[in-house]
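Everything below concerns the one structure shown next.
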Amino acid sequence: MRGNRFFVALGAGVLVVCTACSSAVPQTQAPPPQIPRITPSTVPSRVPVMVDRALPDDCELVVSVDVMNSAIGQELPGEPRIIIGIKEPGIGRTGKIDCYYGIPEKKGLLDAKIVIGLSTYTDDLTARTRVSESVEAERAAGAKVSEVDVGKQKGTLVEGKDEQLLIGSLGKSTFVVRNRNNFIPKEKLIAILPVLAAQSMTPPV
């Protein structure tokens with residue numbers, strides 16, 4: 001009997017404690033659903049950063065086909081062709097390349113839609129002088145000449161009868177983008193040529 005009383009008392013104690021616990025703990029509602037937080041990317045989008053770069057040996061390293069087609073707004077025919085020029089100590093030129101884009105099948109360099117040329121010189125002054133001389137020669141031939149932005153640099157847009165070009169220099173390097181046979185309409189020149197010029201002076205990452 002004593003043992004039974006101990007059991008009952010303990011059981012009652014347990015019940016009291018449990019009852020007290022159940023009455024002391026308030027019932028709470030389910031927590032609100034968590035709304036996912038979208039953190040904006042801190043990685044900047046890829047933009048051309050022009051530098052006084054060494055001459056590349058491949059047109060894909062000047063302006064890639066994908067970038068060219070995107071800038072032009074259409075897919076150009078053929079594959080780019082590169083012509084590596086020679087040094088000309090007499091004018092201070094230490095290197096030169098020309099990339100020809102948009103050559104139709106079974107056609108030659110003269111049929112290219114866009115030509116991008118890069119050259120390097122012995123110093124900054126020589127590069128700037130070559131650009132000035134080229135611009136003045138075009139002006140004397142009747143071309144319209146105006147200054148345009150090329151990235152954070154300045155370039156000169158030269159509009160001739162059959163060809164328009166954007167030319168400029170950065171350090172010891174010069175760049176020129178030629179629009180052959182009025183391929184790009186006049187109203188789109190400022191929207192397209194500076195993009196190609198900036199890209200041509202931007203090494204790939």
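In table form, for the structure just shown:
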item	result
Lone qualifier among Gly142, Gly108 - being on the phi > 0 side of the Ramachandran plot and of a type outside the set (D, E, K, R)	Gly142
Close pairs (7 angstrom Cβ cut-off, 6 or more residues apart or separate chains): in contact (Cβ under 8 Å) with a residue 40 or more places away in the chain in region 181-205, small (Gly, Ala, Ser) and in a loop (DSSP other than H, G, I, E, B) anywhere	Ala198/Gly151
Residue satisfying all of: in region 84-125; of a type in the set (S, T, N, Q) and within 22 Å of Ala198 (Cβ to Cβ); surrounded by the fewest Cβ atoms within 10 Å (Cβ to Cβ) among these	Thr120
Odd one out for Ile103 among (1) in a loop (DSSP other than H, G, I, E, B); (2) out of contact with any Asp or Glu (no Cβ under 9 Å at 6 or more places or on another chain)	(2)
Hits in region 83-100 (condition: out of contact with any helix residue (DSSP H, G or I) (no Cβ under 6 Å at 6 or more places or on another chain) and either free of Cβ contacts under 8 Å to residues at least 24 places away in the same chain or part of a loop (DSSP other than H, G, I, E, B) (or both))	Gly85, Ile86, Lys87, Glu88, Pro89, Gly90, Asp98
Test: residue in region 57-73 that is touching a Gly at 6+ places or on another chain (Cβ under 9 Å) and free of Cβ contacts under 8 Å to residues at least 12 places away in the same chain	no
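A short reminder: the numbers here are calculations on the coordinates, not readings from a lab. All figures in this text were calculated on a predicted structure; none of them were measured in a lab. Reconstructed Cβ throughout: ideal geometry from the backbone, glycine too, with neighbour counts over all protein chains shown.
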